[in-house]
Amino acid sequence: MLYLPHTSEDIASMLQVVGVADLDDLFATVPEDCRFKGDLNLPEQLTEWELNDRMAAFSNTMAVSPEYKVFIGAGSYEHFIPASVSYLLGRSEFVTSYTPYQPEMSQGTLQAIYEYQTLAARLVGMEVATASHYDGATALAESLLMAIRVTRRRRVAVSSLIHPLYRQVVRTYFKPTSYEVVELGYLENGLTDLAATDGMDDLAAVAIQSPNFFGCIENLQAAGEKAHDRQALFVASFTEALSYGLLNPPGSQGADIVCGEGQSLGIPCSFGGPALGVLASRKKHMRSLPGRLVGQTKDLDGKRGFVLTLATREQHIRRQKATSNICTNNSLCALAAAMYMASVGGAGIRELAGLNHDKAEYLKSELKKAGFKIPFGAPTFNEFVVEFPEGFKATYKRLLEKKIVAGLPLASYYPELANHCLLCVTEVMSKEDMDKLVREVKS
Amino acid sequence: MKEPLGATGLMLNEPLLWEKGKKGRCAFSLPRRDVEPRPLDRELTGEGPDFPDLSEVDIVRHYTRLSQWNFGVDTGMYPLGSCTMKYNPKTNEKQASLPGFTGAHPLLPADLCQGALRMMFELEQYLAEITGMDAITLQPAAGAHGELCGMLLIHAYHKSKGSQRSKIIVPDTAHGTNPASAALFGYRPVPVTSNEQGMLSPEAVAELMDEDTAGIMVTNPNTLGLFEENIREIAEIVHSKGGLVYCDGANVNAVMGIVKMGETGVDVMQLNLHKTFSTPHGGGGPGSGPVCVNKHLEPFLPVPRVVEENGKYALSENYPESIGKLQAFHGSFGVMIKAYSYICSMGPENLKKASQLAVLNANYVKEKLKGTLHLPYDRPCMHECVFSDKDQAADNVTTLDMAKRLMDYGFHPPTIYFPLVVHGAIMVEPTETESKENIDQFIEAFKAIAREAGQSADLLHGAPKNCKVKRLDEVTAARKPCLAG
């Protein structure tokens, strides 16, 4: 076997040193009644070449570009990834190392994550970002728990236009606790009804997503003021990190904690995971942050170096009093995001974000021209909701046969929105792809 | 001994990203603009983030140099106890990067993602067979996330029985994540100490177990590398009071094909695909922490679940008692592909062989080093063995000094100062993918270091000297945190 280097001679001589007769005897301390006596019922071993065939067969069933045109975003976005990013990310010194517990041997990971923390904080306009979380949804749940710790209050107000699956994760995390989640409804223009927070007491956090699940750009400043009126923390969530190439970063709009999904930054959709939970805060809250942090320091010779720091917040030191139970995070995804942000650069990210916006506006206006209704009037980034006529299901199916996925039907998330679809356009869609979509839905 | 592995080489300095670059550079091929600009309202737009502007060559050199300051399994032996740093097969990376997998949107209609769903369905079946458990969720993102899932399942189970329990028993040898996971949802961890043999005793558990205790979290094999011999009896005690047994399965690499945890009284257990099933750790993730349960906990598993009917696969939300969701989508799909590939490449016989050889390697290290380092529990171990620095105390040399000196010899140090029950612990897990020659070289290095401890302790106190940096000032880092540039 390729990965098992022991020859029978090695095994014999090692067994002799250990003082047992055969490999089975190594397990003498396992009680008889705990032993499994049979053979594992698993498929026979595959050769490398057979494995290639099997996996290619699985992969070939998947509807992906360029064959399919998938106009779905909703928390997972198809963006171009430079070959240099994928190539560098494959460097096995990064890939095959553990969490950097021994900093002298892990300066590569540590400096790279320090750089990621810096670029992520700059992207969202905050002072401090953590080394990474699992995904945008868990980052939101951890942010709300953090707000509860900071304010010592028990209730959080969450916009109903935060990604429905994120809200499900929050509910799952909160179910066994005594904390309460209140949902804020939405207005006709596709924005959160902030007035609903008036009079709410004991609020630890007001959480808003922007662009929200309908793609609309929320008034973060107003949301922040509402939160601060109630002495609550303002938690700004996001699913499309690229939007901050163009939009005001939440940090400039009064956010106390910013959390969201960084998948757009150089990480492939990969059927939803692994992803990248981004979590950032003001410096004054850094000791309440969940998860790992990398900090700058000096070595014995006074040379700059990096270490994992503020570990007294963490489970391996603090045990049950830790700010979170998180241990393994999504470090390699953070590294991809850093490589991507550095590659696109300041000028590039603005141009790219602008292109996303302009393309989505083009499709929006073409659909409008074709007679379809855009129900929410607020400005959007690269996603928007379209109301299609009664019986759109059949059209949607017909389009699937033409290898077009015409957005995400919203009825299962918002039952009041039958025949509404959430469409997404990124830089990977050409004008031709969009024109074809419009032609097909019209016919 | 042969020439040691550790050597010095030309290592290049590299500044921080924003200390290089120039306005006007870019390392991204901007896509063609085929639509008119439609500017957004000025009030909504910002200045754009303050990112450095670099060329592709700048980026490539930057990360290539950084990578050379890192040590990975591909560089050399990484015997980090409890972390199972085995070799990460390259074919797994290739499979995970197939365009049909990387390009797939998680909300595709089921008809358009059959291959992904089938792979997940089969992986669940394989893991169920290996663990002897009835049902699996692949959703948790890492081991600690799996623990959290396990605690939610236990909570939901008791709630369905109409009872609210407030405590959970956690041994003193547990990973820090165990008490933290339990406490996240208001369970009060009640510590139980292991006996002189490093084992949990049924009597100690019986004394603590009552009807206000939700269950016990056991790591088996435990963090001393020992198989919890009384696990069945302990499970019976816990079950008799209506509690459940959670097993931290981080150490399953010791027992594949040898013990099916589901047959030892375990009700719920997480696996770490980034340990036992060879997926790379990525310098701290992404991992994947599937949770395996017995029948009575299955209704509570997270949704959606992959279901099969007549060879067609689908995602089902139709589990009214489910705890809900742990991540927005389906978990670390990219990691699952690698674990699936590994299981297929190994086949049942080699999985068992891997566990046997992992245990052989650990026992071999234990026997060879026990005259050099103090061995607090001298009995047959599983996949790892735990030494201490007791014998070096007279030379004023600590575990940390020896660990740092190992770097100069070209090895990643073992896990140190864990488990807490051993003072100055040195926890060695060689894994099955290290050959006898590599292990002999590691043993020789450790012996040489022990000799140095007696003769020239300063060499150890000043170690490492061959790395990119010397020992770092962690105290100032924490006291005056600088977390962004």
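The values are calculated or read from the model by the stated rules, or taken from the named source; none is laboratory data. Computed from a predicted model, the values in this text were never measured in an experiment. Cβ sites come from the backbone with ideal geometry, for glycine too, and all protein chains shown count toward neighbours. Just the protein is used for accessible areas: all its heavy atoms, side chains included, with ligands, DNA and RNA removed. Shrake-Rupley method; radii C 1.70, N 1.55, O 1.52, S 1.80 Å.
Counting Lys and Arg as +1 and Asp and Glu as -1, what is the net charge of the other residues whose Cβ lies under 14 Å from the Cβ of residue A:13? Mind showing how you got there, number by number?
Numbers: positive: B:368, B:436; negative: A:9, A:10, A:22, B:367, B:437, B:440.
With Lys, Arg at +1 and Asp, Glu at -1, the net is -4.
Can you sort B:60, B:245 by solvent-accessible area, 1.4 Å probe, largest first?
Numbers: B:60 45, B:245 0 Å².
Result of the area sort, largest leading: B:60, B:245.
Quick one: angle between helix A:220-229 and the longest Cα principal axis of chain A, in degrees between 0 and 90, rounded to 10, please.
Computed tilt is about 80 degrees.
Output the residues of the stretch A:302-324 meeting this criterion: accessible area (heavy atoms, 1.4 Å probe) in the chain alone minus accessible area with all protein chains in place is 20 Å² or greater.
A:303, A:304, A:307, A:309, A:310, A:315, A:319, A:320
Using only the alpha-carbon atoms of the protein assembly as shown as identical scatterers, what base-10 log of I(q)/I(0) does the Debye formula give at q = 0.05 Å⁻¹?
-0.27
Can you give me the accessible area per residue for the stretch A:372-443, using a 1.4 Å probe, in Å²? Mind showing how you got there, number by number?
Values: 3140 Å² over 72 residues.
Accessible area per residue: 44 Å².
Taking the DSSP beta bridges in chain A as the whole, what percent of them are antiparallel, to the nearest 5? It would help to have the intermediate numbers written out before the result.
Numbers: 23 of 43 bridges.
Taking every DSSP beta bridge with both residues in chain A, the antiparallel ones total about 55 percent.
Given the C-alpha centroids of the stretch B:295-330 and the stretch B:33-108, what is the distance between them in whole angstrom?
First find each Cα centre; the distance between them is then 30 Å.
For the protein assembly as shown, give me the percentage of DSSP beta bridges that are antiparallel, rounded to the nearest 5 percent.
Numbers: 45 of 80 bridges.
Just about 55 percent of them are antiparallel.
When a/c reaches 1.5 or more, the comparison of a/b and b/c decides; with that in mind, is the stretch B:92-344 rounded, prolate or oblate per its Cα gyration tensor? Spell out each step's value before the answer.
Values: a/c = 2.11, a/b = 1.58, b/c = 1.33.
It comes out prolate by the Cα gyration axes.
Mind checking which of A:364, A:37, A:321 has the largest fluctuation in a GNM of chain A, springs on alpha carbons under 10 Å?
Checking each option, the largest mean-square fluctuation is seen for A:37.
Using a 10 angstrom cutoff on alpha carbons, build the Gaussian network for chain A and name the most mobile of A:126, A:62, A:286.
A:62
Using just the helices of chain A, give the 222 nm mean residue ellipticity in deg cm²/dmol: DSSP H runs with n ≥ 4 each add -39,500 (n - 2.57), and the total is spread over all residues, rounded to 500. Intermediate results must be reported in sequence, preceding the final value.
Values: 12 runs with 155 residues, N = 443.
Helices in chain A give a 222 nm mean residue ellipticity of -11000 deg cm²/dmol.
Solvent-accessible area of residue A:135, probe 1.4 Å, all protein chains present, reported in Å² to the nearest ten, please.
Looks like 10 Å² after rounding.
Would you mind checking the pairs A:402/A:436; B:370/B:470; A:283/B:468; A:436/B:94; A:393/A:436 and listing those with alpha carbons more than 22 angstrom apart?
Working: A:402/A:436 10 Å; B:370/B:470 29 Å; A:283/B:468 30 Å; A:436/B:94 34 Å; A:393/A:436 18 Å.
From A:402/A:436; B:370/B:470; A:283/B:468; A:436/B:94; A:393/A:436, over 22 Å: B:370/B:470; A:283/B:468; A:436/B:94.
Counting only other chains, what is the mean number of Cβ atoms within 10 angstrom of the Cβ of each residue in peptide B:459-468? Kindly include the intermediate steps, with their values, before the conclusion.
Numbers: counts 0, 0, 0, 1, 1, 3, 1, 2, 8, 10.
That works out to 3 on average.
Given Cβ point charges of +1 (Lys, Arg) and -1 (Asp, Glu) and nothing else, what value in debye, to the nearest 20, does the dipole of the protein assembly as shown about its Cα centre take? Don't skip to the answer; put the middle values down first.
Values: 90 positive and 108 negative charges, 454 e Å.
Taking the Cα centre of the protein assembly as shown as origin, the dipole is about 2180 debye.
Could you work out the mean count of beta carbons from other protein chains within 10 Å of each residue's beta carbon in B:182-194? Let's see the in-between values first.
On the way: counts 3, 7, 10, 5, 3, 2, 1, 2, 0, 2, 0, 0, 0.
Shielding by partners across B:182-194 averages 3.
For residue B:459 and residue B:74, compute 0.36 nm times the residue count separating them, minus their Cα-Cα distance, and round to one decimal in nm. Show your work: numbers first, answer last.
On the way: separation 385, 0.36 × 385 = 138.60 nm, distance 2.72 nm.
My answer for the length gained is 135.9 nm.
Just check the stretch B:239-338 against the gyration tensor rule for me: Cα atoms, a ≥ b ≥ c as the square roots of the eigenvalues, rounded for a/c under 1.5, and otherwise prolate or oblate depending on whether a/b exceeds b/c.
Numbers: a/c = 1.64, a/b = 1.02, b/c = 1.62.
It is oblate, given that a/c is not under 1.5 and a/b is not larger than b/c.
With all protein chains present and a 1.4 Å probe, how do B:277, B:418 order by accessible area, largest first? Display every interim value, and only then the final one.
Working: B:277 0, B:418 35 Å².
Final ranking, largest accessible area leading: B:418, B:277.
Given a 10 angstrom Cα cut-off, can you work out which residue in A:80, A:58, A:174 is the most mobile in a GNM of chain A?
Looking only at A:80, A:58, A:174, the biggest GNM fluctuation is shown by A:58.
When DSSP assigns beta bridges and you keep just the ones with both residues in the stretch A:129-257, what percent turn out antiparallel, to the nearest 5?
Working: 1 of 16 bridges.
Counting only bridges with both partners in the stretch A:129-257, antiparallel ones make up about 5 percent.
Name the GluC sites (Glu not before Pro) in the stretch A:340-407 that are in a loop by DSSP and that have at most 12 other C-beta atoms within 10 Å, would you?
A:390
From the protein chains alone at 1.4 Å, what is the descending order of accessible area for A:119, B:44, largest first?
Working: A:119 0, B:44 40 Å².
Of A:119, B:44, the descending order of accessible area is B:44, A:119.
What net charge is computed for the residues neighbouring residue A:275, neighbours being all others with C-beta under 9 Å from the C-beta of residue A:275, Lys and Arg scored +1, Asp and Glu -1?
Values: positive: none; negative: A:135, A:261.
Neighbour charge sum, excluding residue A:275 itself: -2.
Chymotrypsin sites (Phe, Trp or Tyr not before Pro), restricted to the stretch A:386-429: which are DSSP loop and have at most 10 other Cβ atoms within 10 Å? Before the final figure, lay out the partial values.
Working: sites: A:392, A:396, A:413; in loops: A:413.
Within the stretch A:386-429, no chymotrypsin sites (Phe, Trp or Tyr not before Pro) qualify (loop, at most 10 other Cβ atoms within 10 Å).
State whether chain B is rounded, prolate or oblate according to the following rule on the C-alpha gyration tensor (a ≥ b ≥ c being the square roots of its eigenvalues): a/c under 1.5 gives rounded; otherwise a/b larger than b/c gives prolate, and the remaining case gives oblate.
Values: a/c = 1.65, a/b = 1.01, b/c = 1.64.
Verdict is oblate for chain B.
What number comes out for the charge environment of residue B:439, summing +1 per Lys or Arg and -1 per Asp or Glu over other residues with Cβ under 10 Å away?
Working: positive: B:368, B:436; negative: A:10, B:434, B:437, B:440, B:444.
Here the count lands on -3.
What does the accessible area of residue B:59 come to, in Å² to the nearest 10, when a probe of 1.4 Å is used?
0 Å²
Determine which lysines satisfy two conditions relative to residue B:22: a Cα distance under 26 Å, and not lying fewer than 8 residues away in the same chain.
A:303
In whole percent, and with a 1.4 Å probe on the protein chains, what portion of the accessible area of the stretch B:347-469 is carbon and sulfur? Could you put the intermediate results ahead of the total?
Working: 1770 of 3830 Å².
Accessible surface attributable to carbon and sulfur in the stretch B:347-469 totals 46 percent.
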